[in-house]
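Below is one structure, written out as structure tokens, with a few remarks after it.
Derivation of every value follows stated rules applied to the coordinates shown; laboratory data play no part. Everything quoted here is computed from the prediction, not taken from an experiment. Glycine also receives a Cβ, built like all others from the backbone with ideal geometry; neighbour counts cover every protein chain displayed.
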Amino acid sequence: MLEYSMFERLPFRSQAEAIAKDGTILAQRQYNKWLVTLYEFNNTFVELWSGDNVQVFSTFKKSANASAIFDPYLDQVDVQDLSIS
């Protein structure tokens, strides 16, 4: 398992490979012209900011509040698509 601090030091290409292999997409949102994708990766959260011709990974400290991380994504959740029994 790749540690949080090690992930931050990797070049973008290696970060992308690690996320593709072990990351799970949790949510997506738009912020201005950016598409922001939230991933769970090795028990932490990582965002991928995708814009015109550029992509950047952003990490959260382990001490970050999960509610605060998810808050910007809540407007994108469509509960009508959920099948709850």
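When residues of the range 18-56 are filtered for being in contact with a helix residue (DSSP H, G or I) (Cβ under 9 Å, 6 or more places away or on another chain), aliphatic (A, V, I, L, M), assigned to a strand (DSSP E or B) and farther than 16 Å from Ile69 by Cα, how many remain?
1
Please go through the range 19-42 and pick out each residue that is among the aliphatic types (A, V, I, L, M) and under 16 Å from Phe60 (Cβ atoms).
If the condition is that a residue be among the aliphatic types (A, V, I, L, M) and under 16 Å from Phe60 (Cβ atoms), then Ile19, Ile25, Leu26, Ala27, Val36, Leu38 are the ones that fit.
Take the range 14-26 and flag every residue that is of a type outside the set (Lys, Arg) and surrounded by fewer than 17 Cβ atoms within 10 Å (Cβ to Cβ).
Answer for the range 14-26, where residues must be of a type outside the set (Lys, Arg) and surrounded by fewer than 17 Cβ atoms within 10 Å (Cβ to Cβ): Ser14, Ala16, Glu17, Ala20, Asp22, Thr24, Ile25, Leu26.
What number of residues in the range 57-67 are assigned to a strand (DSSP E or B) and surrounded by 13 or more Cβ atoms within 10 Å (Cβ to Cβ)?
Final tally of qualifying residues: 2.
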